[in-house]
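Taking it in order: structure first as structure tokens, then the write-up.
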Amino acid sequence: MAAASLIRAIGALSLTIALAVSAVGCSSASDLVLAGTSRNAAGVSATAVPATKLDTVLDGLDSPSGMAFTPAGDTLIVAGDDIIVLDAQGRTSTLKHDIGDLPDSGNALLDIAVSPDFSTDHTLYVCHRTNDGVRVTQLQTESKLRWARQQGPIVTGIPTPTETTGGCRIAFGPDGYLYVGTSDGGDPTASQSLASLGGKILRIDVETRGAPDDNPFITRADPHSQLIYSYGLRDVVGLAWHPTTDALYALDRGPGREDEVNLIVSGGNYGWNPASASTSDYDTDGVAMTDLSLPQARPAVWSSGTSGAPGVSGATFLSGDTWSAGSGLLIITSSAGVQAMRLTGEVAAQSETLESLENVGATGAIALCASGALYVVTADDGGDRLVRVRVR
């Protein structure tokens with residue numbers, strides 16, 4: 001533990017960050033310029049993506065994987081084993097933490113979420129690797145974000161991600177519960193098994209550290225199974241709630257093809273079942289991301305198709321007065337860049353691009369600031385940036 005702490009301290013001292021000249025805080029606002037509208041073949045009207053501008057907020061990030069904002073406008077980024085803080089005035093620091101049992105290989109922190117009551121409880125949640133799996137840990141911090149002490153795990157037993165899966169995505173929903181998206185960990189039976197937390201979306205009451213009373217499998221004897229909200233997923237890399245309907249959409253990364261956007265419902269089965277090919281080996285060749293032969297399997301709202309996939313990595317909805325008619329567009333990051341689409345229930349309009357991000361390259365974590373600015377981290381495996389996208 002002492003060695004791991006020393007490594008994190010050295011990493012924090014060596015972190016090189018370049019700040020843009022303009023204000024970088026999450027409190028910055030912007031104005032809107034809208035283009036026209038388009039209509040897809042299914043007849044769903046889609047407001048075109050607003051014209052945007054981009055600036056670099058931070059540079060020199062090492063393996064950033066998750067991001068969240070505090071009510072005061074601080075940006076928190078998990079990168080490697082560190083939690084980096086960018087305050088509303090553009091100053092940067094590294095939040096000291098005592099999360100234990102991190103693997104020596106590094107890159108342990110996967111995602112971060114801020115308590116809905118952060119202004120009063122100063123509580124953070126981090127999803128991270130351990131030496132025997134993945135867990136979500138509660139951290140107690142203070143208003144100046146100088147230190148954070150762990151308050152124990154919220155959930156353990158999430159499968160360790162493989163080289164081709166993300167492992168964990170966390171976010172609080174409009175209902176105040178913590179949602180946790182997981183990967184199947186390369187286990188062909190995990191996604192369809194209610195005895196495993198792999199390939200699931202979990203829904204957790206952080207006050208009790210248990211399942212809410214209306215979770216779909218609350219009557220099962222196993223407390224872990226009670227946490228399951230939906231299943232049959234491969235690798236949940238994005239959780240996003242529609243700003244008008246509060247409907248939950250999840251981004252599920254496929255095995256080099258068939259990346260998906262799914263409309264998540266309580267108890268829903270999304271059809272990933274590699275055990276149909278083999279129960280002993282993780283053989284995904286020819287295995288459909290959504291096996292519609294399974295009882296009550298739900299088809300995807302959007303799929304990248306079988307000829308390839310962009311390698312999706314994160315998603316958020318545009319919302320608020322800043323984006324005006326652009327509110328409701330789902331923004332998706334991937335190894336191929338960024339795209340936008342409008343969703344109406346289970347119908348997706350034709351995807352579009354944000355012109356300011358067309359040449360930014362591979363992108364990862366994404367989040368919408370309360371001011372309406374969109375923050376995106378690049379994902380080029382070294383020397384990554386945090387960029388801010390605003391309407392012109």
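The values are calculated or read from the model by the stated rules, or taken from the named source; none is laboratory data. All of these numbers come straight from a predicted model, not from anything done at the bench. Glycine gets a Cβ as well: all are built from the backbone with ideal geometry, and neighbour counts include every protein chain shown.
Tabulated data for the structure shown
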{"read-out": "Qualifying residue in segment 172-193 (condition: in contact with a strand residue (DSSP E or B) (Cβ under 7 Å, 6 or more places away or on another chain), part of a loop (DSSP other than H, G, I, E, B), surrounded by fewer than 23 Cβ atoms within 10 Å (Cβ to Cβ) and of a type in the set (A, V, I, L, M, F, W, C))", "value": "no"}
{"read-out": "Residue match in segment 106-116 (condition: modelled with pLDDT under 90 and over 20 Å from the mean Cα position of the chain (by Cα))", "value": "no"}
{"read-out": "Members of segment 250-302 found to be hydroxyl-bearing (S, T, Y) and at pLDDT below 95, listed by number", "value": "S276, S278, T279, S280, Y282, T284, S293"}
{"read-out": "Which listed residue is out of contact with any Leu (no Cβ under 9 Å at 6 or more places or on another chain) and under 29 Å from S196 (Cβ atoms), from P159, P153", "value": "P153"}
{"read-out": "Test for T70: is it closer than 21 Å to V236 by Cβ, among the hydroxyl-bearing types (S, T, Y) and buried (at least 18 other Cβ atoms within 10 Å of the Cβ)", "value": "no"}
{"read-out": "Matching option when the condition is of a type in the set (V, I, T), modelled with pLDDT of 75 or more and under 18 Å from S319 (Cβ atoms), among T70, T52", "value": "T52"}
{"read-out": "Only listed residue being under 14 Å from the mean Cα position of the chain (by Cα) and under 18 Å from L233 (Cβ atoms), chosen from S293, S334", "value": "S334"}
{"read-out": "Residue match in segment 210-225 (condition: touching a strand residue (DSSP E or B) at 6+ places or on another chain (Cβ under 9 Å), of a type in the set (S, T, Y) and farther than 30 Å from S335 by Cβ)", "value": "no"}
{"read-out": "Those residues of segment 212-253 which are free of Cβ contacts under 8 Å to residues at least 24 places away in the same chain and surrounded by 24 or more Cβ atoms within 10 Å (Cβ to Cβ), in sequence order", "value": "none"}
{"read-out": "Any hit, segment 195-202, residues being assigned to a loop (DSSP other than H, G, I, E, B), at pLDDT below 95 and buried (at least 23 other Cβ atoms within 10 Å of the Cβ)", "value": "no"}
{"read-out": "Search result, residues across segment 256-281 that are at negative phi, crowded, with 19+ Cβ neighbours inside 10 Å and not small (G, A, S)", "value": "D259, E260, V261, N262, L263, I264, N269, Y270, W272, N273, P274"}
{"read-out": "When residues of segment 100-110 are limited to those that are without any contact (Cβ under 8 Å) to a residue 60 or more places away in the chain and either among the charged types (D, E, K, R) or surrounded by fewer than 21 Cβ atoms within 10 Å (Cβ to Cβ) (or both), the one farthest from Q151 (Cα to Cα)", "value": "S105"}
